[in-house]
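Accompanying notes for the structure given below.
The values are calculated or read from the model by the stated rules, or taken from the named source; none is laboratory data. None of these values were measured; they are calculated from a predicted model. Cβ coordinates were reconstructed from backbone atoms using ideal geometry, including for glycine residues, and neighbour counts include every protein chain displayed. Note: accessible area is taken over every heavy atom of the protein model, side chains too, but ligands, DNA and RNA are not part of it. Shrake-Rupley method; radii C 1.70, N 1.55, O 1.52, S 1.80 Å.
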Amino acid sequence: MPQIKPAYERVLLKLSGESLLGKLPYGIDLETTRSIVKEIKEIHDLNVQIAIMIGGGNIFRGIRGTEAGMDRASADYMGLLATIINGIALQDALEQAGIVTRHISAIEVKAVAEPFIKRRVIRHLEKRRIVIFSAGIGSPYFTTDTASALRALEIGAQVILKATKVDGVYSADPLIDKTARKFPSIKYLDVIKKGLKIMDTTAISLCKDNALPIVIFNLKKRGNIKKAVLGHKVGTRIY
Ligand code: UDP
């Protein structure tokens with residue numbers, strides 16, 4: 001039995017595609033992927049049930065295609081496929097670390113992933129398998145943030161842990177505005193009212209309506225995933 005008691009039994013970890021970039025301008029840095037997996041293993045060892053929603057921004061975002069004149073739905077489907085590629089890379093890295101996983105895609109790709117069946121996913125989690133969700137909710141015009149909120153609710157996760165490249169929610173973008181200040185916690189409605197661009201409004205609204213807390217934290221600081229899972233002060237809590 002682990003000695004440290006986590007604050008949550010079941011979590012949904014949102015990893016952006018960018019988190020797999022490392023120092024690359026594009027694609028997947030396997031070394032970076034492995035170091036993220038090391039941190040995920042630490043919380044897995046605490047017996048926390050983990051589902052991961054993987055993004056695709058390191059490969060393709062729908063918006064990039066539409067800005068260049070593509071049809072939005074076609075561009076978004078390319079983004080969805082990018083998340084599946086990331087899902088395969090993450091699954092491989094987790095399995096090489098000795099963790100049993102299941103890859104669940106919201107669009108059918110039988111050769112590499114299972115379909116989403118709620119009870120089956122919950123069974124995987126109960127058996128300590130890490131579940132990787134890819135392809136968002138399977139429809140264009142959405143983001144993997146909204147997909148995280150939806151799946152977290154469906155599987156009964158107690159929190160969304162959103163790993164980002166900033167330390168939490170700020171009054172402005174801290175990478176651009178040096179006077180930006182960080183909120184230790186903030187209400188859902190204030191994130192929407194202040195127009196803070198940390199997560200899309202659909203995702204925040206879904207969490208608000210169902211009282212699902214979100215913890216936003218910096219993935220680049222080692223140990224932050226574990227701190228978030230233990231309920232220690234890290235990043236910003238949206239409640
Ligand atoms: N996407 C989509 N529907 C979804 C989730 C994602 O169409 O339910 C597409 C969208 O084009 C998005 C891309 O997939 O830009 C990659 O997802 P996202 O931008 O959320 O990835 P992240 O920013 O987390 O890397």
Only one of ILE50, ILE54 that is surrounded by 20 or more Cβ atoms within 10 Å (Cβ to Cβ), more than 8 Å from the ligand (Cβ to nearest atom) and either under 19 Å from the mean Cα position of the chain (by Cα) or closer than 22 Å to LEU12 by Cβ (or both): ILE50
Residue match in the range 180-189 (condition: more than 22 Å from ARG61 (Cβ to Cβ) and aromatic (Phe, Trp, Tyr)): yes
Selected residue [over 21 Å from ASN224 (Cα atoms), within 11 Å of the ligand (Cβ to nearest atom) and under 17 Å from the mean Cα position of the chain (by Cα)] from LEU15, LEU21, LEU80: LEU80
Verdict on GLY69 being modelled with pLDDT of 95 or more, among the small types (Gly, Ala, Ser) and open to solvent by less than 20 Å² (accessible area, probe 1.4 Å): no
Sole exception among (1) among the hydrophobic types (A, V, I, L, M, F, W, C); (2) over 24 Å from LYS227 (Cβ atoms); (3) in a helix (DSSP H, G or I); (4) open to solvent by less than 40 Å² (accessible area, probe 1.4 Å) for ILE85, by number: (4)
Residue match in the range 75-95 (condition: polar (S, T, N, Q), more than 20 Å from LEU219 (Cβ to Cβ) and out of contact with any helix residue (DSSP H, G or I) (no Cβ under 6 Å at 6 or more places or on another chain)): no
Neighbours by Cβ (under 8 Å, 6+ apart or cross-chain): first from the range 11-29, within 17 Å of PHE217 (Cα to Cα) and polar (S, T, N, Q); second more than 12 Å from the ligand (Cβ to nearest atom) and assigned to a helix (DSSP H, G or I): SER19/THR32; SER19/ILE36
Total residues in the range 83-103, condition within 16 Å of the ligand (Cβ to nearest atom) and of a type outside the set (A, V, I, L, M): 4
Cβ pairs under 7 Å, 6+ apart, first in the range 142-167 and of a type in the set (D, E, K, R) and modelled with pLDDT under 95, second open to solvent by 30 Å² or more (accessible area, probe 1.4 Å) and within 11 Å of the ligand (Cβ to nearest atom): LYS165/GLU18
Entirely in the range 104-212, the helices (runs of 4 or more DSSP H) that have 3 or more residues that are open to solvent by less than 80 Å² (accessible area, probe 1.4 Å), more than 15 Å from the ligand (Cβ to nearest atom) and not aromatic (Phe, Trp, Tyr): 118-126, 188-193
